[in-house]
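One structure is given below, encoded as structure tokens.
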Amino acid sequence: MSQTAKVTMVKKNPCPYCERAMTFFENRGIKVDIIDLTGKPEELMDWKTRTGWMTVPIILINDKLIGGYTDLKALDEEGKLDSLLTT
């Protein structure tokens, strides 16, 4: 698979789901832009307000919200993730 999509993940520490998402991306060789907002509650709240997603990680593909780690995993299990990453 050759990734053409832009993948962005907003995270903070501690966050076990953020770590799982990072491991998932690394294992799949998916390039991801990490926005670490640890200790930046105002910026994190801004992201939550803009995306409507209230937990971290906030994962976007081509600036479109796909959700968090469990949503990412579900897309992969349904076989839908690769097509999102190559468009």
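Can residue 5 be described as of a type in the set (Gly, Ala, Ser), over 15 Å from residue 71 (Cβ atoms) and in contact with a helix residue (DSSP H, G or I) (Cβ under 7 Å, 6 or more places away or on another chain)? Considered against the rule, which asks whether it is of a type in the set (Gly, Ala, Ser), over 15 Å from residue 71 (Cβ atoms) and in contact with a helix residue (DSSP H, G or I) (Cβ under 7 Å, 6 or more places away or on another chain), residue 5 comes out as yes. For the stretch 21-50, filtering for residues that are under 23 Å from residue 80 (Cβ atoms), buried (at least 16 other Cβ atoms within 10 Å of the Cβ), touching a residue at least 24 places away in the same chain (Cβ under 8 Å) and not small (Gly, Ala, Ser) leaves 3. Residues in the stretch 58-87 that are in a loop (DSSP other than H, G, I, E, B) and over 13 Å from the mean Cα position of the chain (by Cα): 78, 79, 80, 86, 87. Of all residues in the stretch 34-57, those being among the β-branched types (Val, Ile, Thr), in a loop (DSSP other than H, G, I, E, B) and either at pLDDT below 95 or more than 13 Å from the chain's Cα centre (by Cα) (or both) number 1.
The values are calculated or read from the model by the stated rules, or taken from the named source; none is laboratory data. Keep in mind that this is a model prediction, so the values were computed, not measured. All Cβ positions, glycine included, derive from the backbone under ideal geometry; neighbour counts span all protein chains shown.
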